[in-house]
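The values are calculated or read from the model by the stated rules, or taken from the named source; none is laboratory data. Quick caveat, the model's predicted, so the values are computed rather than measured. As a convention, Cβ positions derive from the backbone with ideal geometry for all residues, glycine included, and neighbour counts pool all protein chains shown.
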Amino acid sequence: MSAEATALKLVEKSLKQSEFAKSDAYKLYQGDSVELLNQFPEQQFDLVFADPPYFLSNGGFTCKSGKRASVAKGAWDVSRGVEEDHRFTTEWLKACQRVLKPTGTLWVSGTQHVIFNVGFAMQKLGFKLLNTVTWYKPNASPNLSCRYFTHSTELLIWASPKPAKTLQHTFNYARMKTENGGKQMRDVWNLPRTGEEELSADGAGRMWTQIAPRREEKAFGSHPTQKPVALLERIIEASTPEDATVLDPFNGSGTTGVAALKLGRRYTGIDLDPTYLSLTKKRLDAVKR
């Protein structure tokens, strides 16, 4: 057996050991995202959605159910300083860039605390930035200090892994235009509050409305940074072919996987915490495809 074949066997064995659960539609891995991604074959995924640590768990407070509450989410969300945070961001972005197909794209969600770090690292790594989408949240927590405007948005950077003379990425423009009342969809999203579309004219385009994840989305449990399924459905519908492979390197409660399976895509999720991987498995197994 050649040295290359031997190395491949060792990689496959290592990935197998990290496998938490799988089915015909999904695979879940437990472990460090960067370490595992660097073992995956190159150019494997059509879409990567990443909701990385925002580095907010540093003793601050927020408002939850009308009461003062700590924003501490866990050791994984603690800032280690600007330089170390940026090094970590660059590492996982580079690992995602490696496993994306040339026709694939990366979406990253974040607030002001992390998203500029992400954008700068993307530019340094040679990603082509396609859009910055602003997701408006009408049910945002009030600002307790009364020293800032209320934080009511998150930003989503959409990017191709490499620039090219001809754009290669998937964008289901016609579908998005149809969903947007026959007008071009803008880069400011206000997703539906309910399962029904609640469109309101904003002049040349349309806007949508949605608040936090619905109660049924937390039936098996929840994650402190859980995103609504509607957000991930919009992203996957907009930017993947119907037979797409979707990856989330910060799996959390598996919302990306739920949306992917609902839309007939295949999913791979990575997380350090077996508790959230167990939650994800329950959610994915409950999806009716």
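Kindly list the number of the only condition in (1) over 15 Å from Pro53 (Cα atoms); (2) in contact with a helix residue (DSSP H, G or I) (Cβ under 8 Å, 6 or more places away or on another chain); (3) not small (Gly, Ala, Ser) that fails for Asn117. Only one criterion is unmet by Asn117, namely (1).
Taking segment 241-256 as the range and being of a type outside the set (Gly, Ala, Ser), buried (at least 24 other Cβ atoms within 10 Å of the Cβ) and either more than 11 Å from the chain's Cα centre (by Cα) or in a strand (DSSP E or B) (or both) as the test, the residues that pass are Val246, Leu247, Asp248. Restricting attention to segment 257-289, and to residues there that are aliphatic (A, V, I, L, M) and part of a loop (DSSP other than H, G, I, E, B), which single residue is farthest from Pro228 (Cα to Cα)? It comes out as Leu272. Read through the list (1) modelled with pLDDT of 95 or more; (2) loosely packed, with under 12 Cβ neighbours inside 10 Å; (3) in a loop (DSSP other than H, G, I, E, B), then give the number of the only condition that Thr166 fails. Going through the list (1) modelled with pLDDT of 95 or more; (2) loosely packed, with under 12 Cβ neighbours inside 10 Å; (3) in a loop (DSSP other than H, G, I, E, B), Thr166 breaks only (1). Output yes when any residue across segment 258-273 is in contact with a helix residue (DSSP H, G or I) (Cβ under 9 Å, 6 or more places away or on another chain) and acidic (Asp, Glu), and no when none is. So far as segment 258-273 goes, yes, one or more of its residues are in contact with a helix residue (DSSP H, G or I) (Cβ under 9 Å, 6 or more places away or on another chain) and acidic (Asp, Glu). Quick check on segment 144-163: of everything there that is in contact (Cβ under 8 Å) with a residue 40 or more places away in the chain and not in a strand (DSSP E or B), which residue is farthest from the chain's Cα centre (by Cα)? Selected residue: Leu144. Remark: pairs (first residue in segment 111-128, closer than 15 Å to Asp85 by Cβ and in contact (Cβ under 8 Å) with a residue 60 or more places away in the chain; second residue in a helix (DSSP H, G or I) and of a type in the set (Val, Ile, Thr); Cβ separation under 9 Å; 6+ apart in sequence or on different chains) = Val114/Thr89; Val118/Thr89. Of the set (1) at pLDDT 90 or above; (2) touching a strand residue (DSSP E or B) at 6+ places or on another chain (Cβ under 7 Å); (3) of a type in the set (A, V, I, L, M), all apply to Ala238 but (2). Set side by side, the residues Thr134, Thr153 differ, and just one is touching an Asp or Glu at 6+ places or on another chain (Cβ under 8 Å) and over 16 Å from Thr89 (Cβ atoms), which is Thr134.
Identify the residue in segment 80-105 that is among the basic types (Lys, Arg) and in a helix (DSSP H, G or I) and, among all such residues, is farthest from His169 (Cα to Cα).
Only one residue fits best here, namely Arg87.
The number of residues in segment 248-289 being of a type in the set (A, V, I, L, M) and either out of contact with any Leu (no Cβ under 7 Å at 6 or more places or on another chain) or on the phi > 0 side of the Ramachandran plot (or both) comes to 5.
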